[in-house]
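Read the figures in this text as sums done on the coordinates, not as results from a lab. Note that the coordinates shown come from a computational prediction; the quantities given were computed from them, not determined experimentally. Glycine gets a Cβ as well: all are built from the backbone with ideal geometry, and neighbour counts include every protein chain shown.
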Amino acid sequence: MRVVPEDAGQKFIVHDLPQKVQAGGYYGADLVLENAGTSDWKRSECSVGCHWYNLDGSEARWDDGRRTPLPSDVAPGKRVLVKAPFVAPQTGGLYYLVWDFVSNGKWAGALPGIRSGDTLVVPVKVTGGPHLPVDLSKYFDTDMANYAAESLPPFITSFTPADMWPSGLWEGPLDGTSFMYPGKEYGAKNAAACKGQTVNIPNGRYSKVHILALPEEDATGEFVLLGGGKKLVKKVDFSSWKGAPKHGESVALSCPRRTGQACNIFRYTIDADASVELSELALPTAPAVKIVAITLEKAK
């Protein structure tokens, strides 16, 4: 047993807050806390704040400087209702919103000996923002979430790389770009082989196109951005998922394997002409390249 002198004995009992919010929006949370400690909580010394985490556990925003003081002193065994405002992240995606207690300038969630209930963890979906994920579901024609796991015999490991992949709207740690990851049920279609097909995108002006791809081998192909009677061709060199990136792309997600090279999803970014209203995106003719997700970045 370890005694932690800073322990204020806080417990989050009940909460009422929206679980779907607009990027950058201002909202309020009703939080009921109980003083399960042995000392009074002084209003002048105690407050409530929050942190935002990506689904992979990385910090999206630790502290925005907002603190909501307790409405009054709270004696041991008593409860208090705190009405705490908060601001949603600027980028859409799925997050964990973590409410935390501050005593004498110290976050309870950062102290040793933290217990269940000392903080409040709530999954929140943030919509809107500068990124617009494209719905690729009708273009999916192959199962890539489980492809890389076929060489893993059950007696070596009980999981596949698919178990580690996210699913749904997810804001990645690279720079906050949101991607709509596909479903990953075994045998489900969750990637599009590049065969020169044209993908319909919401009409709009975009500055960049972000692409998640899982190439089975090194390849080269051309994306074609279409709209307003104009055509913009962008050549991209792809690296095989079985090796390290070779052409300046970044690793969006790496799933280690017991046998052989990790399974890598690479991220590619191509510049668009922000003065042109785009409506379509033609994929390369490179069947070895499997597209997992595409996100458009709105022009400012």
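Things worth noting here:
- Within the straight-line cut-off of under 16 Å between alpha carbons, the aspartates and glutamates reachable from Lys231 are Glu222, Asp271, Asp273, Glu277, Glu280, sequence neighbours fewer than 8 places apart in one chain being disregarded.
- Extension gain, Lys83-Glu45: 0.36 nm per intervening residue step, less the Cα-Cα distance, totals 12.0 nm.
- Sorted fewest first by neighbouring Cβ atoms within 10 angstrom, Thr38, Thr198 come out as Thr38, Thr198.
- Under 21 Å from Lys20, Cα to Cα: lysines that are on another chain or at least 8 residues apart: Lys83, Lys125
- Look at the alpha carbon pairs under 8 Å that are at least 6 residues apart: their mean separation over the length of segment 167-259 gives a relative contact order of 17 percent.
- Ignoring lysines fewer than eight residues from Lys290 along the same chain, the ones with Cα atoms less than 22 angstrom from its Cα are Lys138, Lys184, Lys189, Lys195, Lys208, Lys234, Lys235, Lys242, Lys246.
- Dipole magnitude of the chain, debye to nearest 20 (Cβ charges: Lys/Arg +1, Asp/Glu -1, about Cα centre): 260 debye
- Separation of the Asp273 and Asp63 label points, Cα + 7 Å toward Cβ, nm: 4.8 nm
- Ranked list, fewest to most other Cβ atoms within 10 Å of each Cβ, for Ser47, Ser178, Ser72: Ser72, Ser47, Ser178
- Each residue in Met144, Met180 was given a count of other beta-carbon atoms within 10 angstrom of its own, and listing them fewest first yields Met180, Met144.
- Put a dot 7 Å past the Cα of Ser116, heading toward its Cβ, do the same for Tyr96, and the two dots end up 1.4 nm apart.
- Per-residue 3J(HN,Hα) values for segment 46-51, derived from phi via the Karplus relation 6.51 cos²θ - 1.76 cosθ + 1.60 with θ = phi - 60°, read 10, 7, 10, x, 9, 10 Hz in sequence order (x marks Gly and Pro).
- Interchain or long-range residues, amide H under 5 Å from Gly9's placed H: none
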